[in-house]
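Participant: To start, I am sharing the structure in question, which I have written as structure tokens.
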Amino acid sequence: MTRITAFSVVVLLFALHLCNEARFAEAYPEKQPFEEAKKNFRYHNVLEAISITGRVYVVMRNYNISTQFLCLYSKRVKAYNETQSNWLLELQHLPDGSTSDPPKLHKLMYINKQRSCLIFVENRKSAREDARCQLMQPAAFAGGRIPLECLYVFNDNCPGSTVTIYRPLCKQLRVLPPK
């Protein structure tokens with residue numbers, strides 16, 4: 001076989017591969033992330049989420065699973081208007097725990113009607129990126145049973161191993177003054 005013939009065969013195989021990829025992409029379009037899909041907008045009631053008062057605990061998450069942080073929660077400090085609020089993030093950690101992560105945008109993926117379970121996801125560019133999620137519960141519900149639908153949404157859309165951050169002792173911890 002001559003070099004020209006071999007080169008032509010390689011080019012032909014590459015062209016066939018590209019055609020197959022294009023047909024596959026057309027037949028199986030990229031799934032839209034849960035937090036962006038229009039059919040799920042009824043679960044994205046941000047006003048309901050930010051109207052929760054008191055502590056909202058991170059019960060579990062599917063990223064940074066070797067974390068040293070315990071009792072991670074957020075609490076709204078001030079509401080400026082319907083769309084802008086100031087939130088305080090507090091946590092207890094083991095003595096050697098530290099963080100230097102920059103602030104990140106988190107989107108509300110899900111909140112149930114009872115406002116007893118919320119799922120936030122770090123902003124991602126496409127559904128090809130794994131969702132980095134945190135399942136959260138207000139203090140009144142934390143430590144109780146996680147609603148099944150909320151757990152289903154988390155398990156279905158937030159792949160990978162999880163870490164449980166919330167412990168029953170979290171409610172008993174007082175807020176420590178800043179150093």
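Participant: Subtracting the Cα-Cα distance from 0.36 nm times the residue separation, let me have the gained length for Lys125 to Leu151 in nm, one decimal. Don't skip to the end; give the middle numbers.
Facilitator: On the way: separation 26, 0.36 × 26 = 9.36 nm, distance 2.37 nm.
Here the segment from Lys125 to Leu151 would lengthen by 7.0 nm.
Participant: Can you sort Lys107, Lys39 by how many other beta carbons sit within 10 Å, fewest first? Before the final figure, lay out each step's value.
Facilitator: Numbers: Lys107 17, Lys39 8.
Lowest to highest Cβ neighbour count: Lys39, Lys107.
Participant: How charged is the neighbourhood of Tyr166? Take every other residue with its Cβ under 11 Å from the Cβ of Tyr166, and add Lys/Arg as +1 and Asp/Glu as -1. Please list the in-between numbers first.
Facilitator: Working: positive: Arg55, Arg61, Arg167, Lys171; negative: none.
It works out to a net charge of +4.
Participant: Which ³J(HN,Hα) values in Hz, rounded to whole numbers, follow from the phi angles of region 52-66 under the Karplus curve 6.51 cos²θ - 1.76 cosθ + 1.60, where θ = phi - 60° and Gly and Pro get x?
Facilitator: Values, residue by residue: 5, 9, x, 6, 10, 7, 7, 7, 7, 8, 10, 9, 6, 6, 9 Hz.
Participant: Considering only the other residues whose Cβ falls under 13 Å of the Cβ of Pro147, what net charge follows from Lys and Arg at +1 and Asp and Glu at -1?
Facilitator: Values: positive: Lys113, Arg115, Arg145; negative: Glu149.
After counting each charged neighbour, the total is +2.
Participant: Here is a follow-up. Ranking Phe41, Phe34, Phe141 by Cβ neighbours within 10 Å, fewest first, what do you get?
Facilitator: With the sparsest Cβ surroundings first, the list reads Phe41, Phe141, Phe34.
Throughout, read-outs are computed from the coordinates displayed, never taken from laboratory work. In this text, all values refer to a predicted model and were calculated from it rather than measured experimentally. Neighbour counts run over all protein chains shown; Cβ positions are idealised from the backbone, glycine included.
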